[in-house]
Amino acid sequence: MSSVSNKAAEQEAIFGVAPLLHEERTYSFWDFFFVVSGFGIAVWCYSQGVYIASLNHFSTMICSILGGNMLFMCLMCLVMVPIVRYGIDSWVYFRAVFGYTGVKIVCIAVVIVNFPWYAIGADIFASALISLGSSFGIDLTAVAWRPILGVLCIVLGTIVAIAGPTALKWANRVLVPTLLAVAVVIVFAAFSSLSGSDLTNFEPDLTAFESARQAYGFSLEGNIAFSMSWISCIGAMPRLCKRESHAYFGAALSYGTMVPIMCLIGGILSVAMFCRFGVLSDDPVEMYAALVHPALAILGLFFIAFSSIAVQGVGSYSFAIVLKSIFPKVGFKPLAFVLAAYVIALILWGGVAAHLGPFMSIGGIIYAPIIGLLIVDFFIVRKQRFSMRSIYRLDGNESYKYHGGFNLLSFIAFAIGVVVMIRIYNPITGSVNSGLFYFIGASAWSCVAAGLAYYIGSRLPSIQNYLLKDRSELTRAK
Amino acid sequence: MSATDFEKEMEAEIKRRVEIIESDDYDFGVPFSKGNWCLVGTLFVISAILITIGTVLSH
């Protein structure tokens, strides 16, 4: 059975690389919206909301979460257009931007900076089980049991992933209603614990910051980097959409509104916790257990624990498929095991949740320049046309080979984006180095700088010839 | 089916599909319209306004 499932995953990964024809598309706007929402709405939304709540008053929290998530989602989702138009996987299309070898490096970097989110999911799973144990009089010491239960979550999630698409389909069918049920209970619990004045009078502890404006800058940076992190999850799904607009608005409204609303719920829950107990908890499970009626809390904690496993399964499967599309000769199982080992190492380290802000910004260092490059390359430099024959290296067409498989201009522009990011805000040291940070964080400037550098470079005649070797073999689009 | 057979089958399938996409009568579907671009701009502006309001309120 497992070998059959594994074969199905292998086939999906390998044939997922082939372009999908227009008549084979099945997703309408609503289909795609719900699928993406199911993927995006996960337990870590609460962690994100709690982090943002700790930096803002209620009014600025709303502005930061809704505005910060949607702003770059509007731009990032434009990447959907070529994917739907030509029916190809995002990482296949990215070959044109980074080169045949360069795209592998970029893919690995993106997986490395994105996968730590699953350590947070595993941490929430451990926390839920510890609380459940406590409800039944079983004392599971957090220090000892948290890493053990976290590893258990990863192991169970990886088993679900390896079981293949059918197991995943069932996991997703249970996951989405479960998470929505948890969200409904959480909203009810939070609002029954609060009055309107509690929310508006909430004062976060900003003693670690120079000013409220600096804290707002950090929260904006957190939200923009959070929204950019979805670039790694685009994969092959959008090409199932019947129209380019279905994919664009399905993703933009899901990642840009549904996911932020879940984050906002996490933030409100955090404020509710503070108003009732005087503690701004950073643990969504602890808040859930404290605010919800004990009988309902037990059921909810069980749901949270289950959904954490399902999220891990979906994530492990999706990212193993992403890696498989880049390394088709490596087996699906070994890739899933490598991903599991990576998250387990992060769980044993135990520092991801404690360093959520810097961790998101380090992700932003990678995502932001990539997004700038992708948009400028397709819409401005290539004028929405490229060569499918070169994308797939058919009949000796290799326009995207560049220098040894690397598009040097894209990597130079990427480096410029990284330098700009660090010149504005260094996520490792946490130091703000420029006043620009206060307007819109640092990832946004990095995205703009990389895109601008790529555009300026592409205007030089010699580089134009280097970039646009595909002009003689373009695939007709409209 | 061996890995090599699988790869050959994959390559043949990709080539067949690319040829279909390159043919003159292939339907690419409804492209991203000007109305869609207007909606993108609207979402962008609303987001920018929200961020600006937050910046003003955080003073």
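Details
- Scanning the range A:334-371 for residues that are small (G, A, S) and either open to solvent by 20 Å² or more (accessible area, probe 1.4 Å) or on the phi > 0 side of the Ramachandran plot (or both) turns up A:A341, A:A345, A:G350, A:A353, A:A354.
- Boolean, A:S472 is within 30 Å of B:D25 (Cα to Cα), within 14 Å of chain B (Cβ to nearest Cβ), among the hydroxyl-bearing types (S, T, Y) and loosely packed, with under 15 Cβ neighbours inside 10 Å: yes
- Any hit, the range B:6-24, residues being more than 7 Å from chain A (Cβ to nearest Cβ), over 30 Å from A:P19 (Cα atoms) and among the aliphatic types (A, V, I, L, M): no
- Residue list for the range B:30-51, filter: open to solvent by 80 Å² or more (accessible area, probe 1.4 Å) and facing chain A (nearest Cβ under 8 Å): B:L39, B:I46, B:I49
- The set of residues from the range A:374-405 being surrounded by fewer than 18 Cβ atoms within 10 Å (Cβ to Cβ) and within 25 Å of the chain's Cα centre (by Cα) comprises just one member, A:F379.
- If you go through the range A:209-222 and keep only what is more than 18 Å from A:I422 (Cβ to Cβ), more than 9 Å from chain B (Cβ to nearest Cβ) and not aromatic (F, W, Y), you end up with just A:E210.
- Spans of helices (runs of 4 or more DSSP H) in the range A:185-282 with at least 3 residues modelled with pLDDT of 85 or more: A:212-228, A:244-253, A:259-277
- Here the condition is being crowded, with 22+ Cβ neighbours inside 10 Å and polar (S, T, N, Q); of A:S281, A:S211, A:S270, it holds for A:S270 alone.
- Listed conditions (1) at positive phi; (2) within 14 Å of chain B (Cβ to nearest Cβ); (3) open to solvent by 10 Å² or more (accessible area, probe 1.4 Å) are all met by A:G430, apart from (2).
- Among (1) part of a helix (DSSP H, G or I); (2) within 14 Å of chain B (Cβ to nearest Cβ); (3) open to solvent by 10 Å² or more (accessible area, probe 1.4 Å) - the single one A:A415 does not satisfy: (2)
- Qualifying position, being surrounded by fewer than 24 Cβ atoms within 10 Å (Cβ to Cβ), farther than 28 Å from A:F439 by Cα and touching a strand residue (DSSP E or B) at 6+ places or on another chain (Cβ under 6 Å), among A:L194, A:L180, A:L240: A:L240
The values are calculated or read from the model by the stated rules, or taken from the named source; none is laboratory data. Worth saying up front: this structure is predicted, and the values here are computed from it rather than measured. Cβ coordinates were reconstructed from backbone atoms using ideal geometry, including for glycine residues, and neighbour counts include every protein chain displayed. We work out accessible area using only protein heavy atoms, side chains counted, and drop any ligands, DNA or RNA first. Shrake-Rupley method; radii C 1.70, N 1.55, O 1.52, S 1.80 Å.
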